[in-house]
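Colleague: One structure follows; several queries about it will come next.
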Amino acid sequence: MMETEPTEDIDQPLRDRLKAHPGPALLWGAILCVLLLLEGPTYLDGLLGAIGAGLGLLPGAPGAEAFASASAYFGELPHLLSRELIPNRGYYDGSAWQGTFLGLEPKYAWLIRFLLVYAYVAVLLGWLWYGYVLFRRHYRAADWTPTDDVIDRLRSHYWGLFGLAVVVFFVTMAAFAPVIGPTTAEENIEGPYSYDMQYYNEDTETVETVTIGEANLGSASRGSGDSNVGVWSYDDFGRFHPVGTLVSGKDLFTFLAFGARLSLFIGLGSMAIAGFIATTLALVTAYYKGAADLIVVLTSDSVQAMPALLLVILATVVFQNHWISELYNGAMLFILLFALIRWPGLWRAIRGPALQVGEQEWVDAAKSYGQRPTVIMRKHMAPYILGYLLVYASLTLGGVIISVSALSFIGLGINAPTPEWGRAINIGQQYVASQSWHISLIPGLLITLVVTGFNALSDGIRDAIDPQSEGAEGGAAGAAAGGGGG
Amino acid sequence: MSRATYMLKRLVLSIPVIIFGTTVTFAIIRLGPLSPAAAILGPKGDARAIQQIEQRLGLNEPLWEQYFDFMGNLFLFDLGQSWVINSGTPAVDLIISYAPRTIWLGFWAVLIALGIGIPLGFYAGLNPNTFSDYFASFGGIVWRAMPNFWLAVILVTVLSQSEQLFGFSWTSFIVETNVVTSPNLAVLRNPARLITDPGQAWTNLAKATKQILPPALVLGSASMGTEMRIGRTAVLETINSKYVETAKAKGVSPRVLVWKHIFRNALIPLVPVITAEAFILIGGSVLVETVFSINGIGLLFVKAAKQGDLPLVGTLMYLFILLIVGLNIVQDFAYTIIDPRVGYDA
């Protein structure tokens, strides 16, 4: 852009360019800090908790306790998106709601918190995008890069944007699961009899205390008669259920939010590992070709010749009492299994682009300069194939989500009470045609939506990085993605 | 390289693939944390019984010997026996009694997917960017994203309660059938009855077909979506190619143009999809058979795995691997016939 001084040296590092013209960057950074600080305790809580859990796996668990207590400390701090700030649970004492946000009905209190979470995420993402625009306008040395075209194509690809929106919706639901539900997993799903709640008994006109477990018995959705708490309704205890309750009377929305967390964790984890394996192998085979290529072709053929879902079923059964099944309720086992089963698909998909880039003149040039092969692969080849990797990883991720829910549907893998979408579908199976239809239908629709979203995002990225490619390639990948699915 | 050498090379290359898959299965079963003997007896098995079973399965022998026994037996098709599901029955007998229903299901799943997916895709491709194209394309995308087991659950409910829901009774439509049940395929074992005892036999056949249609529709759903999508792009690509333009210019009638010049060429990219369907069927049959409680191989596998019948599971895995490898070879062979341009050097 012409705003940058024409005399500016192209080779100036970014730091110098920032120093020369700090205004916009400082303002942007300051507002980003405010945005992050609003939710700072949550991020620190999550980060430290994750580190603590990671250390806890090591022998002797060095420092795990310190991290856990630090995480708990930050968890207590006030922040914007919290149940303490906008509580949605209370009781109606005959004249007004007690304990809810501003004395509103629980319905509206929950809705405000729900919308606030999404508004916060929207503002945060919008601000990050604005940061990129600022960088482009003020600090980037080049007026134009090929990435600009890719981004422009993605911006006008409505199908891809729809996918992006769905993915953001899903990721937000997973990331903010403890806040977004009308109740928490500990209280409502894991240990309902360890927590109390108050409600207003209309017969005696007094406020009474019951354990949440007892209250759940009264809010069960069992299809027939009175016992149903459907979509967007209250139960007898003044608790609001945005998408109804399960057969056990637990809140379905909370269940779905934590289930989203688990699905996303498994999907992202397995794709990260599989993507890493696939990229490394694609680079090595494209660079060295010959024997390396043949070995990987044979290995990937062999892995693909094994029936994926059946292999996972077998492994889940064999490892069911092993310590690895204890890690995050079996999610860790799934991550490893899906990574090991799905890398050949990813590798096949990026092999073509990798071979292509291996033939480029700049790779030859780098070779003749005497650059080390690892550097050539990392710096001159990898950036070209990462886009393709993203396309197929996004497709495959949808397949992994379906597979995980399929396994919990037949009662393998993620065990109760840990929420998993497939189990909700299984629980609600016999109530589909009754008034408790929500138990099975809503999780299924959600899976369909999320998988469609990931597929759409993948289409969008593919058309953006390679506008000519719309054709058989995408279809083959589609077949692969559906392949292991359920 | 001639076609024969190419196919020979394909066959030779498939041997390490089979060995790899079988070895992985062996490793999971024998080296995994769950011992087959403990799995067979369950948590209550006492030490003596475990020892006895270990003896009979040969688990006391050195690992490499077990490995060669395992591989050798499988390659010689000595498939062992079931221990839990149907104790003492040879695995072969079990498979023979369970397989026909799965094959029947798979046959209809492929047929439905082909019969609906390809025509819809071609229709969308011949009428691009119209409302019906968008409708079909969007439908295909969503259809593909739906989890099979969920679709099955919905379909079971809708069909078994269709009387209350729509006032149309699926269960008594044409012939009286249940929704959640195994089809009775006795008539297919003895097709002569179709002539000797037409009344009964044809009714049975109709029943078996009607029962299998809903699960087959579910099982074929994913590939139907894929076939539609690829069929559409394939037609679009062929329509815009030079030879179609040439044919148009020299005055070929639209009918001949579509059937002779477009249709045949657009079929080529569909071949891998059709064979890829086989993989989907193998994985998907497990779930669909569970929901519709069809006593097929998929259900047998899940039952065997859940109840710890690991020897049977190993045998089934081996057969599935053989099936997939076989289908891959068939696909490559089909390619060389349909499209002679396909390179033999892959």
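Colleague: Is it true that some residue in segment B:52-70 is open to solvent by 70 Å² or more (accessible area, probe 1.4 Å), assigned to a helix (DSSP H, G or I) and acidic (Asp, Glu)?
Modeller: Yes, because at least one residue in segment B:52-70 is open to solvent by 70 Å² or more (accessible area, probe 1.4 Å), assigned to a helix (DSSP H, G or I) and acidic (Asp, Glu).
Colleague: Does A:Gly370 fit the bill of being under 18 Å from A:Thr285 (Cβ atoms) and either open to solvent by 90 Å² or more (accessible area, probe 1.4 Å) or out of contact with any strand residue (DSSP E or B) (no Cβ under 8 Å at 6 or more places or on another chain) (or both)?
Modeller: Values: under 18 Å from A:Thr285 (Cβ atoms): no; either open to solvent by 90 Å² or more (accessible area, probe 1.4 Å) or out of contact with any strand residue (DSSP E or B) (no Cβ under 8 Å at 6 or more places or on another chain) (or both): yes.
No.
Colleague: Still on this structure, please answer the following. Residue check, B:Phe173 against (1) within 14 Å of another protein chain (Cβ to nearest Cβ); (2) open to solvent by 20 Å² or more (accessible area, probe 1.4 Å), all met but one. Which one?
Modeller: Failing condition for B:Phe173: (1).
Colleague: State all residues of segment A:338-367 that are open to solvent by 80 Å² or more (accessible area, probe 1.4 Å) and part of a loop (DSSP other than H, G, I, E, B); if no residue qualifies, say none. Show your work before the answer.
Modeller: As a first pass, look at segment A:338-367 and keep what is open to solvent by 80 Å² or more (accessible area, probe 1.4 Å): A:340, A:348, A:356, A:359, A:361-362, A:364, A:367.
Listed by number, the list holds a single entry, A:Glu359.
Colleague: Taking the condition free of Cβ contacts under 8 Å to residues at least 60 places away in the same chain, open to solvent by 10 Å² or more (accessible area, probe 1.4 Å) and hydroxyl-bearing (Ser, Thr, Tyr), does B:Thr246 pass? Break it down into steps so the answer makes sense when it comes.
Modeller: On the way: free of Cβ contacts under 8 Å to residues at least 60 places away in the same chain: yes; open to solvent by 10 Å² or more (accessible area, probe 1.4 Å): yes; hydroxyl-bearing (Ser, Thr, Tyr): yes.
Considered against the rule, which asks whether it is free of Cβ contacts under 8 Å to residues at least 60 places away in the same chain, open to solvent by 10 Å² or more (accessible area, probe 1.4 Å) and hydroxyl-bearing (Ser, Thr, Tyr), B:Thr246 comes out as yes.
Colleague: B:Ile262 - would you say it is farther than 30 Å from B:Ile239 by Cβ and not charged (D, E, K, R)?
Modeller: Working: farther than 30 Å from B:Ile239 by Cβ: no; not charged (D, E, K, R): yes.
Spelling it out, it is not the case that B:Ile262 is farther than 30 Å from B:Ile239 by Cβ and not charged (D, E, K, R).
Colleague: Need the failing condition index for B:Gln211 against (1) away from chain A (no Cβ under 14 Å); (2) open to solvent by 40 Å² or more (accessible area, probe 1.4 Å); (3) within 18 Å of B:Leu151 (Cα to Cα), just the number.
Modeller: With (1) away from chain A (no Cβ under 14 Å); (2) open to solvent by 40 Å² or more (accessible area, probe 1.4 Å); (3) within 18 Å of B:Leu151 (Cα to Cα) applied to B:Gln211, the lone miss is (2).
Colleague: Looking at B:Gly283, B:Gly308, B:Gly314, which one is within 11 Å of another protein chain (Cβ to nearest Cβ), open to solvent by less than 50 Å² (accessible area, probe 1.4 Å) and free of Cβ contacts under 8 Å to residues at least 24 places away in the same chain?
Modeller: Only one candidate passes the filter, namely B:Gly283.
Colleague: Of the conditions (1) touching a residue at least 60 places away in the same chain (Cβ under 8 Å); (2) surrounded by fewer than 24 Cβ atoms within 10 Å (Cβ to Cβ); (3) facing chain B (nearest Cβ under 10 Å); (4) closer than 18 Å to A:Ile266 by Cα, A:Tyr431 fails just one. Which one is it?
Modeller: (4)
Colleague: Follow-up. Would you confirm whether any residue within segment A:383-395 is at negative phi, of a type outside the set (D, E, K, R), within 14 Å of another protein chain (Cβ to nearest Cβ) and out of contact with any His (no Cβ under 9 Å at 6 or more places or on another chain)? I'd like the intermediate steps shown before the answer.
Modeller: At the first step, the residues of segment A:383-395 found to be at negative phi are A:383-395.
Checking which are of a type outside the set (D, E, K, R) leaves us with A:383-395.
Subset that is within 14 Å of another protein chain (Cβ to nearest Cβ): A:394-395.
Narrowing the set further to residues that are out of contact with any His (no Cβ under 9 Å at 6 or more places or on another chain) leaves A:394-395.
Within segment A:383-395, one or more residues are at negative phi, of a type outside the set (D, E, K, R), within 14 Å of another protein chain (Cβ to nearest Cβ) and out of contact with any His (no Cβ under 9 Å at 6 or more places or on another chain).
Colleague: Surrounded by 13 or more Cβ atoms within 10 Å (Cβ to Cβ), closer than 30 Å to B:Pro36 by Cβ, within 12 Å of chain A (Cβ to nearest Cβ) and out of contact with any Lys or Arg (no Cβ under 7 Å at 6 or more places or on another chain) - does that describe any residue in segment B:149-158? Break it down stepwise before answering.
Modeller: First, the residues of segment B:149-158 that are surrounded by 13 or more Cβ atoms within 10 Å (Cβ to Cβ): B:149-158.
Now narrow it down to the ones that are closer than 30 Å to B:Pro36 by Cβ: B:149.
If we keep only those that are within 12 Å of chain A (Cβ to nearest Cβ) too, we end up with B:149.
Now drop any that are not out of contact with any Lys or Arg (no Cβ under 7 Å at 6 or more places or on another chain), which leaves B:149.
Yes - at least one qualifying residue is present in segment B:149-158.
Colleague: If you take the residues of segment B:133-148 that are more than 10 Å from chain A (Cβ to nearest Cβ) and open to solvent by 40 Å² or more (accessible area, probe 1.4 Å), which of them is nearest to B:Ser241 (Cα to Cα)?
Modeller: Looking at the filtered set, the residue picked out is B:Tyr134.
Colleague: Regarding B:Ile15, is this residue among the hydrophobic types (A, V, I, L, M, F, W, C) and more than 30 Å from B:Phe333 (Cβ to Cβ)? Quick ask: steps written out before the conclusion?
Modeller: Values: among the hydrophobic types (A, V, I, L, M, F, W, C): yes; more than 30 Å from B:Phe333 (Cβ to Cβ): no.
The answer is no for B:Ile15.
The values are calculated or read from the model by the stated rules, or taken from the named source; none is laboratory data. These numbers were taken from a predicted model, which means no experiment stands behind them. Neighbour counts are summed over all protein chains in view; Cβ atoms, including those assigned to glycine, are modelled from backbone coordinates with ideal geometry. Ligands, DNA and RNA are excluded from the accessible area calculation, which covers all protein heavy atoms including side chains. Shrake-Rupley method; radii C 1.70, N 1.55, O 1.52, S 1.80 Å.
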